[in-house]
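Notes for the one structure printed next.
What follows draws every value from the coordinates through simple rules; no lab data is involved. Computed from a predicted structure; not experimentally measured. No Cβ is skipped: glycine too gets one built from the backbone with ideal geometry, and neighbour counts run over all protein chains shown.
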Amino acid sequence: MARYTKAVCRLCRREGTKLYLKGERCYTDKCAITKRPGKPGEHTQERRGKMSDHGLQLREKQKVRRTYGLQEKQFRRYFKEAERQQGITGENFLKILESRLDNVIYRLNLARSRPEARQIVLHGHVLVNNRRVNIPSFLVKEGDVISIKEKSRGLAHIKEILETNEGRGVPSWLEVDLEKATGKVLGEPRREDLDMEFEEHLIVEYYSR
């Protein structure tokens, strides 16, 4: 699958909000949103007039898709799956995205950003219920135990991550022991525990056209 390989800070500037794609940098004055507010490119002047409903829906869809680092085909597939489930489609959709293994690694503070979490999973550093899983899109479920391999915990960059993230909280549906680099899924992701402000109803409207 093709991945976005350009400067990710441009994505934050395009959406006009922090997507937290650069880890610690996003919390400092070096953040692109802080240093260079406004859209990227030569012509940064904002369009005049009110954005159309379709434009608002598209921007919200792109913001969520870029936050989780997904390509359009996979993003749409998750939405179709959410539609088939009982309950509110928008909330179902966000629960699926939150349940991805790369996102869970990030939310457990075992990575400083979702892109970094994806890389950690792909490189085979992660165990789910004591079995190696190197698929970022793997969906966790209640009761799953996620951990960094014991051998991998000795790597310099893993140690740095754990030290950097020490003391940071996790959402209520997860628990973590950073000393052991281990976490557990206590239940389903909850809408109120999201670390970003999303208007998922706009995404539902976008795909329901």
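Summary of computed values
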quantity: Positive minus negative residues near Asn129 (Lys, Arg vs Asp, Glu; Cβ under 11 Å); calculated: +3
quantity: Listed residue pairs exceeding 18 Å between alpha carbons, taken from Lys95/Lys184; Lys149/Lys180; Lys141/Lys180; Lys95/Lys141; Lys61/Lys95; calculated: Lys141/Lys180
quantity: Taking N as its residue count, the alpha carbon Rg of segment 101-187 over 2.2 N^0.38 Å; calculated: 0.94
quantity: FRET efficiency, 1/(1 + (r/R0)^6) with R0 35 Å, evaluated for Lys141 and Ser52 via beta carbons; calculated: 0.35
quantity: Straight-distance crosslink candidates among aspartates and glutamates, where the alpha carbon sits under 19 Å from Lys151 and sequence neighbours closer than 8 are dropped; calculated: Glu116, Glu160, Glu163, Asp177, Glu179
quantity: Cα centroid of segment 95-148 to Cα centroid of segment 155-170, whole Å; calculated: 15 Å
quantity: Chain lengthening between Glu199 and Glu83 when straightened (0.36 nm per residue, less Cα-Cα); calculated: 40.1 nm
quantity: Cα→Cβ-extended label distance, 7 Å offset, between Arg132 and Lys159, nm; calculated: 2.3 nm
quantity: Those residues of segment 137-165 whose amide nitrogen sits under 16 Å from the label point placed on Lys73, 7 Å along Cα→Cβ; calculated: 137
